[in-house]
Each structure stands twice: as structure tokens, then as C-alpha cells.
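Q: Sharing a structure below in C-alpha cells format, with a few things to ask.
The values are calculated or read from the model by the stated rules, or taken from the named source; none is laboratory data. Note that the structure is a prediction, hence the values are computed from the model and not measured. We place every Cβ from the backbone using ideal geometry, glycine too, and count neighbours over all the protein chains shown. Note: accessible area is taken over every heavy atom of the protein model, side chains too, but ligands, DNA and RNA are not part of it. Shrake-Rupley method; radii C 1.70, N 1.55, O 1.52, S 1.80 Å.
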Amino acid sequence: MSPRHALLLFVAVLALAPIVPGVPIFWITLLGNVGLAALVAMGLVLLTGVGGMTSFGQAAFCGFGAYTTAVLTTVWGWSPWASLPVALAVVGLAAAVLGLITVRLSGHFLPLGTIAWGLSLYYLFGKLELLGRHDGISGVPPLSLAGWSLVDPRAAHVVIWIAVILAGVLTTHLLDSRIGRGVRALRKGRIAAEAFGVDTSRTKLVVFVWAALLAGLSGWLYAHVQRTVTPAPFGLNAGIEYLFMAVVGGSGQIWGAILGAGLVTLLKEALQRVVPALFGNALQLEGVVFGVVLVVLLQVARDGLWPHLARLLKAAPRVRPATAEPLPRRALGGGDRARPLLTLDRARKQFGGLTAVNDVTFSVGRGEIVALIGPNGAGKSTTFNLVTGVAGLTAGRVSFDGVEISGSAPQTIAARGLARTFQHVKLEPEMTVLENVAMGAHLRGRAGLLAAMFRLDRRDEARLLAEAAAQLDRVGLGEHLARPAGALALGQQRVVEIARALAMDPALLLLDEPAAGLRHFEKQALAELLTKLRAEGMSVLLVEHDMGFVMGLADRIVVLDFGTKIAEGPPDQVKTDPAVLEAYLGGVA
Amino acid sequence: MDGTILLFLLQDGITNGAIYALLGLALVLVFAVTRVIFIPQGEFVAFGALTYALFEAGRLPGTVWLLLAFAGLAFLFDLVEAIRDRALAARLPRVVFFDLAVPGLLAGAAVFVAGRGFGPAAHFAATLALVGPLGPLVYRVAFRPIAGASVLTLLITAVGVHLALVGLGLVFFGAEGLRAPAMSDLTLAVGPLLVTGQSLWVYAVTIVAVAALWLFFERSLWGKALRATAVNRLGARLVGIRTGFAGSLAFGLAAIVGALSGVLVAPMTTIYYDTGFLIGLKGFVAAIIAGLASWPLTAAAAFAVGVVEAFASFFASDLKEIVVFMLILPVLMWRSLKQVHVEEED
Amino acid sequence: MSEALLDIDGVAVAYGKVRAVRGVSLRVHAGEIVTVIGANGAGKSTLLNATMGALPIAEGCVRFAGRDLARLGVEERVGLGLCLVPERRELFSTMTVEDNLVLGGFRAPRAVARDTIAEVYDRFPRLKERRDQLAGTMSGGERQMLAMGRALMSRPKLLMLDEPSLGLAPRIVADIFRIVADLRATGVAVLLVEQNARAALAAADHGHVMELGETVASGPAAALAADDRIVESYLGFH
């Protein structure tokens, strides 16, 4: 059974549930509750599992949605449908404000921040006169459609699940797009994504607001199904429960959210019915059981249950993208041939009292391969960082094609046509090779968020994927494009990084220790690839440890030791230089 | 507002701040040694307070059963691990001693003390003896199996432990709130201020506890070993300090400090099974302000939190919690900006 | 020949799928200095970390003083007399020099630790002068000395040094190697990992050359020092 069929079957079962005679109303209500929770959990899966931002505060956004519509419908007499856009606008605004702060929190500060505002908002709901303080607001009207009241749980069920499925489809579309690749790179590939022009802060905010909107929608539905809004369901405990659902389902699995919401809601229901029969009091064991299950789950199955279930479904085979109109390409070999492409002029970097790079001067010409070598701690990586803009210069200047680039941000430098690879491979291991490479072409695409959600981006997307496939063919990895990047050997992953850099259509490739950890034959293949690229007019600057690798490849070698350039010249000259031998082998103590 | 109110609010804030400071110190310690952001710290406060109040009321606190339950669980964990490592014979004596004998003895002592009217000092000691061991036991069961996981996973686990402990609090202590009698009926008039004996107790115990912790960390080998683990985990392992041992010690200290704070607040306010969370969170705000790293800064921040809370409850009592928790956001923001950007661990 | 103190037999170490060390065997006898040299990324540090128990071994076996180390953690290995001074030193930077040393003797009885600290101060007078200074404020050479002093506090039978000369000025490198040579006189065996091949081979009895995770040459240190292949494997003139 393919996932699409499984989904259709699932939808059919859901749709039929209320129609089948004899299904008790109790079950319909429970399924509705599952749907309400699934909406929130789905946003949370996107936020936490995919985007890496753990939020304990989602319940507060449900509160915004629920209270907005409760006030509008009971105090102002609005129709529920009219209040929906306002409720979503309020939620979106609140999320944008909180998100501006939250997404900038780093590491574990972020979840702590969500606890702080989650709790504060809960208290706020309970203190405001307008919101009825602790008693909340009752008498919220039910939804109605063309004069037909949806007060019956069977009707509400249909509305809720239409919302859930719509949300799931839009979210899945979002992830399968140019923007979505940026979202999926947030957790493990942020630095790489930024190097290729993805604005990660903005991407995080988009995800944060979308997750909040789903929670707000759930809150709006909740208000009209329950007909009463009180602060209790929007507190921290509810926030923890939603996170629990996301973890149970499997972080990173959009449809797993429904599984998680279902299991947790049923477990809760079971505890409330079974436990009192056994022990005489209901509430007390719920927290214990939830807490214990959460702890056990993190100890034995940190990826949740969905991946285990998903194994039963055959994944749709990813096919090679159809050919598409090619993207416009930079003309290599243009510009002033005599002028070097990249120039470092007395570049200097000091960390406190330590001079890591000491007035280093060299250049890279057009269609030239220059290697920067030196023993451990020689300052190669720092020099590399000065070129890519990751570190700022203390003195001196770096210019590219006659324009000074020192002081610019890495993204700006990248956009000028300097594409890089990383010393420690930075691919998103769960994304396919093709998608990883397509990330390199991020700046060459246009389609935005809404286009992605409503599938209006297909032409743009096809061009990006075709470009990625073309670059993979160029480096000889075309047959692996459908595999997850993490499944490739290290040597191949390094080549994927080169393909990703090529997808940016650069004039200069910056390679950070491309041969590290490669086997002999892999190094040979890499050297052949770079030679081929040079023949096509590409310039290459590579930082390398391995003298043997660069000897047969580079046109020129620059040798650093203790931050200072000690030799520069063609390979044959450098390898007999006494200063170079001394630097590599050490002196006799 | 006149000067008397100002002084009164300050005094109130400092009294509460002293307790937040103790909790903040414990949180910083636990985080530095184990990387666990220990959300359930407040539960130890509630357990300490309720246990002490029950002793004072002449009853046997449910903490005894809680302790025995956790000890049994830890025993099972250790047993399974020993069998897996094929080292049952070598480890069994140790495991039986630490997981069964010690908790059993402490529980027995508590049963002996309960209801005999030994007075606050004995009840204080019995409370520490019951709640203190919960720290290492909770660490053993919930955190040690995933000691190498990311800070985030440990944090979510901590939230799970919080849920479970609050639930267990309800099981073992019931839903009713308790308030212990004051440790002293003394009231001192200092200028316009009335200083209660209880707040003097708070100051005295806080000072003694901080001094004891300082001595422990500066003078004793174990204290230095804990600091070393906090500074450099790999370095600590390379000199032979077991990470698990350091973690147990840190959690033990945290539980004792929690119980201590609980005993101190028990006569000042009515404590319910779930009150601890809010008290703990305020210690948390202080610890976070100090970046979960600096002890003196944590203490200073804790007093600031106490004072802000006192003033907030005077001017806008409805919004008191909101003010305190929202304090944390700008601090987190500032901390994040200061932090060098590193690729997030998974 | 008597039984080796450390016997590394056919060891492989993997990071995920990548094998950083493959089929490496070497022995260190009591009172011997053995060096492992090779270019960066050859797997030398990985080998030391796996021997110490900080990395899991995928294949092969490590025996120390006749005992299989397979089930022992880093801490237990320290207790047996195995000690590693890692490449990054891993000092307790916010604690004093003396506290660092005291913690080095964490597992030793108090009285033994007191005697050992006096010996360490004799060997490194510089540390005695700076006993109240914070470890993090010391120079690179002093930190290396402190790291070695801290390691000696556990009275190891075998000291493993990972790149002790890394980032140090030539004069200090000479000091460090003199101290290593002195250790032999006290009966401590040394396993020395170095990029500075010339200095390491001059100090050692026996040497191994690693390349891409495998041993490519082994022999008496003097013989290796005279071997042109060493230069080749460093500079890659194949």
C-alpha cells in the first residue's frame, strides 16, 4: 500500500465514521477531540521535529483563537465564520510578536522561553475581565452552515477533519518546496543553508507563525464545539501534552501527529475511565502515566512511533525530475582575464594576542586551481573563513573580481559567485541527495510560501530540481540522486557538497579540505573532477592538509605556517623548499 | 507609597529571594554537572514542605512510600544493567546497599520519628532524610540511561519527570493544602518593621546552607570533583571521576536544597502538591538570568526576582506571575545574542 | 620478551560508517617509549582515545597488564594505571593549578596523593610557582606541563601523550621531550602520538607510522628516522 492510498483509506474511514449507524456518539466526540489535538500537534511537529524549535507554549495559541472568537461571538454577536479570519489574524499577530523573540533564542533557551510566555499567557487569560477571568466565557454559539446548525458532534466531526486534512496537505506541500528545503535544513544544516542564501531567521519565523495558526484554528474550532472557553485547556500542562503527542507520533512526521494525537487522547480517556474504577480517583494517575511514558519513550524510541508504522508503507519512489527549461547561467571567462579573480592583500586576523593569520597576500586567477596548505594550526581554516566572510579581518583586504568583499556577510559574498564546501560535511542526512543539491540553487528560484502551499511553484521548482540533477550528472553522482544524503559514503558526500556549490552557478569554488578522510581512488576521482571543472573555466581555491593530493592538481601552492606565508609557487618548487620540509616534519628537538 | 511599605516589600522580597537563591544554586549545579535543566526542582520543595508539615501534624508522610517505590525502581534498573554487563556478582552488594539498605533504613527512621513529637529539629532532619535520596534515585531512573543525549532531550525528559512527580505528589499527599506551624513565634520590631522569627530562620538557614555549599566546593575533594565535572566532563573522566557518580551527587544536593527550602516555606504559606512548580520556576528565572553558570550572579538575581515579585504583588497582584515570568524573555534574548553561534546538537 | 604492558591487537575504530582506524596492532612494554607518527587525519588520536575507552572499538582487542579492557570505562582504566593526556589537554580551566593536580589523584589514597604532588612539583618547578593560578590563564607550554603533571598524579604505569608538541614554540617542545625521556627512568612507559616526526623518533625506542588509519611502517625508532619512506608518507610523494 502506498502512502497516498493509505491516506485515502484513512480519510474514507474518517468520513464514514459518523454516517455508519450504530457508532456511538461518544466515539464521534472522541474522534473530534483527536482531530482538534492533531491540528496543534501537526504544527508542533513542523516546528519541533522538522524545524528543531521545541515549544511548550502551543496551547497558548489555541487560547488566542478560542478567546478571540468567544469574545466576538458572545459580546459583539458576530457569526463564528466572520470571527475566523479575525481569530487567525490575532493568533498570527501574537505569534509574529512572540516569534520575533522566540526564534532568536538559541539552543535550550528557546524551549525555556516558550515555557515563560506559555505560563504568562495562561495566567493572563485567567486574570482579564474581558475574558471572564477564571470562569471564562460560556454560551459560545455553535457553528452553522447555511442555516443548518452543526451542534451535532457528527457534523462537527466533519468540519474538524476537513480542517485537519487541509492543514496536513498544505503543510506537506510547504515542506516539499524551495522554502521547505530551508525549513528542513534548520535543524542540522543551518550553517550550510545560510551559506547558500537561505534566510534562516525568516524561515524560522514563518514556521513558527504557521504552527501557531494551526493551533489557533484548533482553538477556534474548540470554542464552537465546546461552547465554553476557560483558561484551563490553554495552560502549560496542555502545552506539554501537545508536545507529548508530537514526540509519540514521531518528530518530523506530519501525519504522525494524527497518530500521536490519537494515541494520547485515547490514553487520556482510558485513564479517566479505567483508573477511577480501580483506584477511586481519576486525575492523579494521568500525569504520572504521561510523564512516565514520555520518559520511557525518550529512552527507548526517541524517533517516536510513526517511523515504525511508516515502514509498513512503501515509500513512493522518487524519480529523476523531468527536464525543464534551464536556469540562466553565469558566463565564465568573462571579465578582465588579466585581473585575478580573488585577491588577499595583507590579510590579517588576530584573536586577542594571538595572530592566526599574519599579513597573508596571494591571489587566485581565472580558471586556476590554487591550494592553500600547511600543518595543523597553520591558519589555513582562518584564512578560508576570512574569504567566505565567516570571520572578519583585523587588517588588510579581500577582493573578488575587483570589488572589496571583506566585511560583507557570508550570504552577500556567496551571492557574488563564491560557493563553498565544508570541512565537516554539512548535508541534511535525511533529505535526498537531489534536494540537498537543489538547496545550492536556492537563490536562483523565486517561488514563495503561498505558492508552495497551493502548488503554484511547480514550474520554478522543476527548474531548480532539473538544475540539481544536471549538476549531479556533472560530478558523476546522477544515479544516487534519490538516496538520502546520509546513506552515501563520506567521499561521495564530499562530492555532493561540490555539486551543491556548483548549483549556485559560482565563478569560484572554495573547497575546505575536500580530500580529508577519502580513500586513494576517491582522491583520484576528486582530482579528475576538479581538473575537468578548471577546463570549463572554473576557478578553485582549496585548503588542504594532504600535500600528495594537491601536488598533481594545483597550478600554484601557498604554504602557511604559524599564520605566515612561508612559500608560494608551483608544486615542484614548493615540495623541495627547506622551509616547507621543516614545517611538515618538525625539527629535531 | 510610604517608606514603611517600601521596607516591608523589600523585606518580603528578600525573604522569598533567599529561598529562590537556594533553588537557583541547585539548578545551576545540576545543569553544570549533568546538562539537565531540572524543571522538577520545585517538586522537591513541595515534597519537603508537605513532609515537614505532616511530621509536625504528627502524621507519617507518604514520602516514605514514595522513597521506597523509587528505591525499588532504581534497584530494578541497576539489577538489569548488572545482568546485561555480566557483572552481577561484583555489583550486587553495592546495589543492595545503596538501592535497598540505605533507603530502607531512612524510611524506617522516618516511621520511628513520626508521631512521637520529637519537635521541629527532628522533623527537619527526617524530612531531609526522606526527600534527599529522591534526587539520586530520580537521576538513576530517568536521566542516567540517557546521560549522553542532547540538552533538549534531557529537558523534555525533565518535563516528563515533572508531570510524573506532580502526579505522584497528588497520589501520596492528596489534594489538600498544608501549612506547618512557624518554627518560632518570635517577632522583632526593627524600626517600623516587624521581623518574624520565621524570616530570621530563612535568613539563617540560607546563610548556613550557602556557607556549607561553599566549603564543600572549595575544600572537599568530592566538591572539587563536582566542579571539575562541570568545567570539563572529558577531563573529569580522564582523572577517573565517574560521570554517573557526579550526577548522583549533584541531584542529591539539589534534592536536599529543595527539601530545605520546602521546610522553610512550609510555615509561610499553604503548600499543595503542585505548588512547588511555581516556586521552583522563580529559582529558575534567577538561574537563567545567570546563564545557568554563575553562582553569585544566580543569588543576586534570585533576590532581584523576590523583590520584583513583592512589588508586583503590591501594585498589580493579578499580574504578579506574568511580570516574573516575562522577566525571563529579555534575559534569554540577551543570552542568546551573546552566545557564539554553533550548529545545534541533535 | 616479557609480556607487553599494553597490547593493542588488530583494532578497528569507526565513526558511524567511516573506519578511522583499521587493523592496527602495537605493543608497549614496561619502561618503553613507543611513538606513533603520521600526518593529520591518519587516525593516531582515534587510536589513543579508543585505547582509553573514550571511543568504542569496532574490532580487535586491547589488553593492559594482562587484562582485557573491553568492558571497562575510561574511569576504570584510569584505576588500572592507564592515563591519557589528550590533544586538547582538557584541563579544569577555572580551577587552580593545585586543584587540577589534586583532582589528578582523585582515585589515589590521600597520603599517596600528597607524596605524588610533591614529586610532580619537583619535576615541574614551574607548576609549583604557579600553584594558585587558574589553569585557564597559563601559557600553552605551562598547560601542557600541567596536563602531564595531572596525569602523573594518578601514578600511571602507561602514559599516553597525544601531540604534546602541538602549537608550542621549539624551545618548549625540547623541554617537553626531555621530560618524556626522563619518565622512562622512573619506570613509566609512554605511548607518544606526534606529527613532529623527527623529535618523536629521536625520543622513542620504537616507532609506528600510520597513514589513513593503517600502520604502514614499524620498527626501531632509529631505523625509521633514517627511512625515506617516512618523508614520503608525510608529504605524499607517491
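Q: Inspect all residues belonging to the range B:283-296 and state whether any of them is open to solvent by 60 Å² or more (accessible area, probe 1.4 Å), out of contact with any Leu (no Cβ under 6 Å at 6 or more places or on another chain), closer than 24 Å to residue B:204 by Cβ and not aromatic (Phe, Trp, Tyr).
A: Yes, the range B:283-296 has at least one match.
Q: Looking only at the range B:224-247, filter to residues that are farther than 17 Å from residue C:91 by Cα and of a type outside the set (A, V, I, L, M, F, W, C); which one of those is surrounded by the fewest Cβ atoms within 10 Å (Cβ to Cβ)?
A: Just the residues of the range B:224-247 that are farther than 17 Å from residue C:91 by Cα, to begin with: B:244-247.
Those left that are additionally of a type outside the set (A, V, I, L, M, F, W, C): B:244, B:247.
Numbers: B:244: 17, B:247: 24.
So the residue we want is B:244.
Q: Would you please name the residue that is surrounded by the most Cβ atoms within 10 Å (Cβ to Cβ), looking only at residues in the range C:95-129 that are of a type in the set (Gly, Ala, Ser) and more than 10 Å from chain B (Cβ to nearest Cβ)? If you could, list the steps in order and put the result at the bottom.
A: So in the range C:95-129, the residues of a type in the set (Gly, Ala, Ser) come out as C:104-105, C:108, C:111, C:113, C:118.
Checking the rest, the ones that are also more than 10 Å from chain B (Cβ to nearest Cβ) come to C:111, C:118.
Numbers: C:111: 8, C:118: 11.
Only one residue fits best here, namely C:118.
Q: Scan the range A:45-66 and tell me whether some residue there is among the polar types (S, T, N, Q) and away from chain B (no Cβ under 14 Å). Break it down stepwise before answering.
A: Step one: list which residues in the range A:45-66 are among the polar types (S, T, N, Q), which gives A:48, A:54-55, A:58.
Imposing the further condition that a residue be away from chain B (no Cβ under 14 Å) reduces the set to none.
Within the range A:45-66, not a single residue is among the polar types (S, T, N, Q) and away from chain B (no Cβ under 14 Å).
Q: Being among the aliphatic types (A, V, I, L, M) and more than 14 Å from chain B (Cβ to nearest Cβ), is that true of even one residue in the range A:238-246? Walk me through how you get there before you give the answer.
A: Going residue by residue through the range A:238-246, those that are among the aliphatic types (A, V, I, L, M) are A:238, A:240, A:243, A:245-246.
So of that shortlist, the ones also more than 14 Å from chain B (Cβ to nearest Cβ) come out as none.
No, that holds for no residue.
Q: Looking at the range A:448-470 only, could you name the residues that are surrounded by 15 or more Cβ atoms within 10 Å (Cβ to Cβ) and within 21 Å of residue A:320 (Cβ to Cβ)? Don't jump to the end; show me each part of the working.
A: Looking only at the range A:448-470, we keep the residues that are surrounded by 15 or more Cβ atoms within 10 Å (Cβ to Cβ), and these are A:448-449, A:451-453, A:457, A:460-470.
The answer is A:457, A:460, A:461, A:462, A:463, A:464, A:465, A:466, A:467, A:468, A:469, A:470.
Q: Okay, moving on. Show the residue pairs meeting these rules: Cβ distance below 9 Å; 6+ apart or different chains; first residue within the range B:16-37 and polar (S, T, N, Q); second residue surrounded by fewer than 24 Cβ atoms within 10 Å (Cβ to Cβ) and part of a loop (DSSP other than H, G, I, E, B).
A: From residues that are polar (S, T, N, Q), the pairs are B:16/B:268; B:34/B:147.
Q: Please find, within the range A:105-122, the residue that is farthest from the other protein chains (Cβ to nearest Cβ) out of those that are assigned to a helix (DSSP H, G or I) and out of contact with any Leu (no Cβ under 7 Å at 6 or more places or on another chain). Please lay out each step first, then the result.
A: From the range A:105-122, those assigned to a helix (DSSP H, G or I) are A:109-122; that's our starting set.
Then keep just the ones that are out of contact with any Leu (no Cβ under 7 Å at 6 or more places or on another chain); that gives A:110, A:114, A:120-121.
Details: A:110: 8, A:114: 10, A:120: 4, A:121: 8 Å.
Checked the range A:105-122; the qualifying residue farthest from the other protein chains (Cβ to nearest Cβ) is A:114.
Each row is one residue, and each column tells you yes or no for (1) assigned to a helix (DSSP H, G or I); (2) touching a Leu at 6+ places or on another chain (Cβ under 7 Å); (3) within 14 Å of chain A (Cβ to nearest Cβ).
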| position | (1), (2), (3) |
| --- | --- |
| B:152 | yes, no, yes |
| B:180 | no, no, no |
| B:225 | yes, yes, no |
| B:241 | no, no, no |
| B:252 | yes, no, no |
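Q: Any residue in the range A:516-541 that is charged (D, E, K, R) sitting within a Cβ distance under 8 Å of a residue that is assigned to a strand (DSSP E or B)? List the pairs, counting only those 6 or more apart or interchain.
A: So the pair list comes out as A:534/A:369; A:534/A:540.
Q: Restricting the range B:32-54 to residues that are within 14 Å of the chain's Cα centre (by Cα) and aromatic (Phe, Trp, Tyr), which is surrounded by the fewest Cβ atoms within 10 Å (Cβ to Cβ)?
A: B:44
Q: Moving to a separate point now. So, in the range C:41-94, of the ones that are within 8 Å of chain B (Cβ to nearest Cβ) and under 30 Å from residue A:520 (Cβ atoms), which residue ends up modelled with the lowest pLDDT?
A: C:54
Q: Further, regarding this structure: Do you know which of the residues in the range B:172-192 that are touching a residue at least 12 places away in the same chain (Cβ under 8 Å) and of a type in the set (A, V, I, L, M) is farthest from residue B:273 (Cα to Cα)? Spell out how you get there, then give the answer.
A: Keep residues of the range B:172-192 that are touching a residue at least 12 places away in the same chain (Cβ under 8 Å), which gives B:172-186, B:188, B:191-192.
With the extra rule that they be of a type in the set (A, V, I, L, M), the set shrinks to B:175, B:178, B:180, B:182-183, B:186, B:188.
Numbers: B:175: 7, B:178: 9, B:180: 14, B:182: 20, B:183: 21, B:186: 29, B:188: 32 Å.
The extreme case among them is B:188.
Q: Let me ask another. What residue, of A:121, A:128, A:112, is over 24 Å from residue A:39 (Cβ atoms) and crowded, with 22+ Cβ neighbours inside 10 Å? Please lay out each step first, then the result.
A: Working: A:121 fails: over 24 Å from residue A:39 (Cβ atoms); A:128 fails: crowded, with 22+ Cβ neighbours inside 10 Å.
Answer to the check: A:112.
Q: Further question: Would you list the helices (runs of 4 or more DSSP H) that sit entirely within the range A:487-589 and hold 2 or more residues that are closer than 19 Å to residue A:425 by Cβ and more than 13 Å from chain C (Cβ to nearest Cβ)?
A: Values: elements: A:490-502, A:520-535, A:547-551, A:571-574, A:578-585.
The helices (runs of 4 or more DSSP H) meeting that bar are A:490-502, A:520-535.
Q: Please specify each residue of the range A:527-539 satisfying the condition of being at pLDDT 90 or above and open to solvent by less than 50 Å² (accessible area, probe 1.4 Å).
A: Residues satisfying the conditions are A:527, A:529, A:530, A:533, A:538, A:539.
Q: Read through the list (1) over 20 Å from the mean Cα position of the chain (by Cα); (2) under 29 Å from residue A:392 (Cα atoms), then give the number of the only condition that residue A:425 fails.
A: (1)
Q: Filter the range A:281-320 down to the residues that are part of a loop (DSSP other than H, G, I, E, B) and either open to solvent by less than 50 Å² (accessible area, probe 1.4 Å) or facing another protein chain (nearest Cβ under 9 Å) (or both), then identify the one that is modelled with the lowest pLDDT. Talk me through it step by step, then tell me what you get.
A: Step one: of the range A:281-320, the residues part of a loop (DSSP other than H, G, I, E, B) are A:281-282, A:301-305, A:311-320.
Subset that is either open to solvent by less than 50 Å² (accessible area, probe 1.4 Å) or facing another protein chain (nearest Cβ under 9 Å) (or both): A:281-282, A:301-302, A:304, A:313.
Numbers: A:281: 57, A:282: 49, A:301: 74, A:302: 71, A:304: 70, A:313: 62.
So the residue we want is A:282.
Q: Here's a follow-up. Taking only the range A:125-167 into account, find how many residues are within 14 Å of chain B (Cβ to nearest Cβ) and among the aromatic types (Phe, Trp, Tyr).
A: Residues in the range A:125-167 being within 14 Å of chain B (Cβ to nearest Cβ) and among the aromatic types (Phe, Trp, Tyr): 1 in total.
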